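Quick notes on the structure that follows.
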Amino acid sequence: MKPRIAVLGCGYWGSNHIRTLKSLGVLAAVSDANEARAEGFASEHDCVAISPEALFEHAGIDAIVLALPPQFHAEYAIRAMRSGKDVLVEKPIALTVDDAQRAVAVARETGRIIMVGHVLRFHPAFEKLKELIDKGDLGEIRYIHSHRLGLGKFHTENDALWDLAPHDLSMILAITGAAPEEVRGEGAALLDHLSDFAHLHMRFPGGLRSHLFTSRLNPYRERRLTVVGDKAMAVFDDVEPWGRKLAVYRHAVWHDSGHWAFTTNEPTYVDVEEGMPLTRELQHFLDCIETRGEPRTTGEEAIEVLRILTAGSVTHG
């Protein structure tokens with residue numbers, strides 16, 4: 001029997017979960033503090049609307065997707081798991097490392113699954129990039145940089161770093177397989193006291209370096225992750241069409257007679273199977289529920305993402 005999933009939070013991202021879970025045939029209920037909004041989604045998607053207070057003890061629900069303002073994620077995840085339900089928590093898992101650690105501890109204590117919505121880990125282009133790295137096609141990875149820029153969204157609680165960087169940090173951690181030894185952040189606030197531009201500089205074991213740049217006040221969209229190895233470089237560019245989302249550059253640089261020489265080559269575009277990352281993420285969640293396997297995007301990884309965000313945050317007066 002398929003798991004019966006409820007979505008708590010019927011906002012922008014919650015509505016995406018609702019539609020996708022419906023398409024997978026596992027949407028059982030929706031819930032929101034705004035009762036009329038929940039009723040509207042329930043009617044549209046042929047499921048039931050359950051109040052948030054009644055949801056956790058509801059016997060007809062096996063797991064809950066939490067798509068709430070992040071200050072509520074840890075508390076509601078803990079309530080769900082103590083009620084015997086598995087959870088997928090949208091990013092960030094919490095606003096403090098302590099809250100995230102409490103949620104992960106409850107998952108261990110109760111034997112429940114806690115998975116975090118770092119959805120780009122399920123993007124076919126990133127999965128293929130990770131495969132190339134693991135096979136050694138790029139050689140030893142020396143540098144990773146990520147740019148996630150655009151106009152909006154604007155939040156009253158989250159700055160550009162906390163809103164935009166978690167996905168990229170999850171990908172960077174998946175590639176490095178280690179936590180950074182050093183994190184340095186820079187930020188600039190133009191609209192109010194929250195950073196609209198944010199940079200993170202990270203140093204990892206073995207000398208690997210990484211740089212991340214996020215902006216919510218940029219005139220154009222950029223969604224690019226670049227990985228520099230000593231054999232080749234690769235770029236995952238999510239703004240490009242499917243046939244050009246993953247490019248490998250086999251440039252060469254060498255020392256010759258006391259001087260540096262180099263050659264450049266046109267990129268090779270890697271074939272990538274088309275697929276919606278959110279659909280693949282939710283299918284993975286269903287597989288974890290059925291097999292009791294560990295999710296790809298664990299609570300422990302989400303804690304490390306929070307540690308980096310906290311260390312790299314800049315406060316403005």
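The values are calculated or read from the model by the stated rules, or taken from the named source; none is laboratory data. Bear in mind the structure is a predicted one, so any value in this text is a computation, not a measurement. Virtual Cβ from ideal backbone geometry, glycine too; neighbours counted across all protein chains shown. Heavy atoms of the whole protein, side chains included, go into the accessibility calculation; ligands, DNA and RNA do not. Shrake-Rupley method; radii C 1.70, N 1.55, O 1.52, S 1.80 Å.
Worth a mention:
- From the options 196, 237, residue that is touching a Lys or Arg at 6+ places or on another chain (Cβ under 7 Å), over 20 Å from residue 171 (Cβ atoms) and open to solvent by less than 50 Å² (accessible area, probe 1.4 Å): 196
- Every condition in (1) part of a helix (DSSP H, G or I); (2) surrounded by fewer than 16 Cβ atoms within 10 Å (Cβ to Cβ) is met by residue 153 except one, and the failing one is (1).
- Residues of region 22-29 include none that is buried (at least 17 other Cβ atoms within 10 Å of the Cβ) and over 27 Å from residue 291 (Cα atoms).
- On inspection, residue 252 passes the criterion of being at pLDDT below 95, open to solvent by less than 50 Å² (accessible area, probe 1.4 Å) and more than 29 Å from residue 4 (Cβ to Cβ).
- Contact map, region 87-106: first residue closer than 16 Å to residue 167 by Cβ, second residue open to solvent by 10 Å² or more (accessible area, probe 1.4 Å) and outside any helix (DSSP H, G or I), Cβ cut-off under 6 Å, separation 6 or more or different chains; pairs are 90/67.
- Summed over region 114-135, the residues that are farther than 14 Å from residue 236 by Cα, open to solvent by 10 Å² or more (accessible area, probe 1.4 Å) and in contact (Cβ under 8 Å) with a residue 12 or more places away in the chain give a count of 2.
- Of the strands (runs of 3 or more DSSP E) that lie entirely inside region 1-82, those containing 1 or more residues that are in contact (Cβ under 8 Å) with a residue 24 or more places away in the chain and more than 27 Å from residue 95 (Cα to Cα) span 27-31.
- Selected residue [assigned to a helix (DSSP H, G or I) and either of a type outside the set (A, V, I, L, M, F, W, C) or closer than 27 Å to residue 124 by Cβ (or both)] from 164, 225, 200: 164
- Only one of 6, 38 that is over 11 Å from residue 64 (Cα atoms), open to solvent by less than 10 Å² (accessible area, probe 1.4 Å) and either in contact with a helix residue (DSSP H, G or I) (Cβ under 8 Å, 6 or more places away or on another chain) or of a type outside the set (Lys, Arg) (or both): 38
- Checking each residue in region 255-298 for being open to solvent by 40 Å² or more (accessible area, probe 1.4 Å), more than 20 Å from residue 168 (Cβ to Cβ) and assigned to a loop (DSSP other than H, G, I, E, B) picks out 257, 258, 264, 265, 266, 271, 273, 274, 292, 294.
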